[in-house]
Every structure is written in C-alpha cells, then in structure tokens.
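What follows is a short report on a single structure.
The values are calculated or read from the model by the stated rules, or taken from the named source; none is laboratory data. Owing to the predicted nature of the structure, the values given are computational and were not obtained by experimental measurement. Note that each Cβ is placed from the backbone with ideal geometry, even for glycine, and that neighbours are counted across all protein chains shown. We work out accessible area using only protein heavy atoms, side chains counted, and drop any ligands, DNA or RNA first. Shrake-Rupley method; radii C 1.70, N 1.55, O 1.52, S 1.80 Å.
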Amino acid sequence: MTSHFPTFLRRRDAAALLLAALAAPAMAQGGSYPNKPVRLVVPFAAGGAVDTVARSLGDRLGAQLCQPVIVDNKPGANANIGSEAVARSPADGYTLLVAANGIVTNNTLYPNLGFNGLRDFTPISRIGSAPLVLVTATNAPYKSLADLLAAARAKPGELTYGSAGNGSSGHLAGALLASVARIDALHVAYKGGSPALVDLIAGRISFMLLNPLEVLPHIQSGRLRALAVTGAQRAALLPNVPTVAEAGLAGFDASVWWTLLAPAHLPADLVARLNAETRKALADAGVRERLTGLGAVITPSSPAETAAFLKSESAKWEQVIRAANIKPD
C-alpha cells in the first residue's frame, strides 16, 4: 500500500495543478480587467450624435475603470466598416462598439454583409434613444401633422420627404409614416443630411424626419416648423410639440437609439462587469446632462433586455424595409 500512496498523491497533485492552470487565465482576466486601454469603436465620423454619445460615455467609463477608453471613429458603408471590425475582434472586453439603428436594419438592407448584427455581438446595455422630429419649412402651408397628411392624401405622390440617404433613420421613419398613415409620399435621398436641410428650408422638399440635435437650432431660429416627434413621449427639448401618436397615428415610434456591444462570446464575468460599469456611468450627473442635451432619453438595460430589444427592432424594421422595397445607395 505504501508503494501506491505516493503515486496517488502525484496523480492527485498533477490533476489539481492542471485545473489551476486552466482556471488561472479566466481568474486573471476577471480579476485584473482592464489592465490596458479599452477601444470604443464608433462606426460614424467624429462630431455627430453617435460620436458625442460615445465620448460622453467613454470619458466616464475610463474614470471608473482606471484605464483610458479611446474612441476610435471608423465611418463608412452606412456603419458597416466599423461594426465588422468589432465583430472580428477578440472577445476580451478591450474592443467595444457604440451601435445605432443600423446594427439591425443593415442585416436586411445588405443581404451579403460579412457579419450579422444580432449573432456576431454580445449585448452589454442600451445607452439611450431620441425621437426624430418631423419638420417642414416655416413658409410651408402645413401647421400640423393633420394638415400634412391631408395634403398627401389629396395629392398622392406629390409630397416629398428628404433624408441623408437610402436606408437612413429618416428614410425608414418616413417609410413607416407613409405605411401607417396610408399616404403616398416620394422619398428623395441626399448624400448627407446637410444638403437635404438646405432644400427643406428653401421649400424644395415637403418634410423631413431628423434628430433633435440637427433641427433644434433651425426651429429656434424660425426657419423650420416642428409638426410632431416620433417617440412614444414628447421630447423634453420640444415640450409643446405633440407626438405622432398624439396627432392621430397611435403606436407610432421611430426613435434613433444607441447600444453598447462587444464581439460575440464575451465571457459572462466581463459582460456583467461592463453592464454594471455602463449603468454606473449613465447614472453620472455629467453624462446625463450631456446626453439629455442631445434630446436623448437614457435607457440602461440588462444584457438580456438589450438582446430582446435588438431582436424586436430587427423584426420591426425588416418588415418596413421589405414592404417599401428599400435598397441601399
């Protein structure tokens, strides 16, 4: 018996050492994360709403994590370039994505994408949302959404609405409005929001749906008239402007939104850590002030709630895109 006892001990010790070696990387990762800078990819150019959201969140996350959170702008292809870069990155918590509506709508718009906006990412948390504002030129004859819809029904195909391009949030919201209100309005795609705004103010197109940050200065200056906001509730920055639902189209909601995502298969401990840190950052007074200044409603959520939201939005907009036969530029 004494001859076998040392062998048993050696086998037991070897097994224990093997288990410890396998567990060590995970323990080290969870215990020491982060031990280097975190990259926050924004799939849009610097200076826009998504970039502002990312920098506001990133600054606070960096302070909480005691590591730099570096915003990396990777614009192009309707946000697909930056999104694919994150989808192909290691699932180690050091590369994250601030995604907007396109992360789900592009699955339908671009059937040959090299990634899938639902399958190839780990949801961390929702960040916030903002309604679009339906606006016309001040000298247009429409004083309310009811006026606009009546004109569209009286002259099918004559009213026009502009957007920053095919498949953009403004385009999809306009298509949803046309479907729900049963009107025929012609979409005019521009190469960006600025030239479309110029034509709207000049009266060359009938209406647009834009985020509050883009239109508020023009509303305040008297160049544009706000007829409705597209969210479920009135916008804090435009409290006197009714929602589309209040104006007669019940249940209409076409908000823009932002979520924090990581590559697929992020370990559960890192998902929980990043969700907790994101919730903490979004509760910070400075972050809340900056985001509400964009017209945003802050909407932190659990990873499971975020996943359910993305799935729901994907199904909703797939139906709109297919019904209107929308194709990308």
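Taken about its Cα centre, the chain carries a charge dipole of roughly 260 debye when the Cβ of each Lys and Arg holds +1 and the Cβ of each Asp and Glu holds -1.
Averaging the Cα positions of each part gives two centres, and for region 100-117 and region 129-143 these lie 29 Å apart. Of all alpha-carbon pairs in region 137-215, indicate the percentage at a distance above 14 angstrom. Every Cα pair in region 137-215 considered, those over 14 Å come to 59 percent.
Derived scalar couplings between HN and Hα for region 144-161 equal 8, 5, 4, 4, 4, 5, 5, 5, 5, 6, 6, 10, x, x, 8, 6, 10, 10 Hz in order, rounded to whole Hz, by the Karplus curve 6.51 cos²θ - 1.76 cosθ + 1.60 (θ = phi - 60°), x for Gly and Pro.
If r is the Cβ-Cβ distance from Gln319 to Asn35 and R0 is 45 Å, what FRET efficiency results, to the nearest 0.05?
Values: r = 45 Å, r/R0 = 0.99.
That pair, Gln319 with Asn35, gives E of 0.50.
Rg(Cα) of region 45-84 divided by 2.2 N^0.38 Å? List each step's numbers first, then the result.
Numbers: Rg = 11.3 Å, N = 40, 2.2 N^0.38 = 8.9 Å.
Cα-based Rg divided by the globular estimate yields 1.27.
Counting only alpha carbon atoms, the long axis of helix 49-65 and the longest principal axis of the chain meet at about 30°. Take every Cα pair under 8 Å whose residues are at least 6 apart in sequence, average their separation, divide by the length of region 213-304, and the relative contact order is 20 percent. With all pairs of different C-alpha atoms in the average, the Kirkwood value for the hydrodynamic radius of region 254-329 is 14.7 Å.
Sequentially through region 194-200, phi angles give Karplus couplings (6.51, -1.76, 1.60; θ = phi - 60°) of 4, x, 5, 4, 4, 5, 5 Hz, Gly and Pro residues having no value and appearing as x. Using the Cβ-Cβ distance between Gln67 and Ala268 with R0 = 25 Å, the FRET efficiency computed as 1/(1 + (r/R0)^6) comes to roughly 0.75.
Taking Cβ atoms as reference points and 11 Å as the exclusive limit, the residues near Pro34 contribute a net charge of +1, counting Lys and Arg as +1 and Asp and Glu as -1.
Take the Cα pairs of the chain, get the Kirkwood Rh, then feed it into Stokes-Einstein at 20 °C and 1.002 mPa s and tell me D in µm²/s.
Details: Rh = 21.5 Å.
It diffuses with D of about 100 µm²/s by this estimate.
Counting Lys and Arg as +1 and Asp and Glu as -1 over every other residue whose Cβ lies under 12 Å from the Cβ of Leu109, the net charge comes to 0. Where Lys and Arg each count +1 and Asp and Glu each count -1, what net charge lies around Ala323 among other residues with Cβ under 15 Å from its Cβ? Net of charged neighbours comes to +2.
Using a probe of 1.4 Å, the accessible surface attributed to Thr105 totals some 10 Å² when neighbouring protein chains are kept in position. Let me make sure I get this right: for region 202-329, a, b and c are the square roots of the gyration tensor eigenvalues over alpha carbons, sorted descending. Under 1.5 in a/c it's rounded, otherwise prolate if a/b > b/c, else oblate. Which is it? Note, shape of region 202-329 comes out oblate. Excluding same-chain neighbours fewer than eight residues apart, the lysines reachable from Lys143 by a Cα-Cα span under 21 Å are Lys155. Ordering of 52-61, 233-242, 86-95 by packing is 52-61, 86-95, 233-242, highest average first (other Cβ atoms within 10 Å, averaged per residue).
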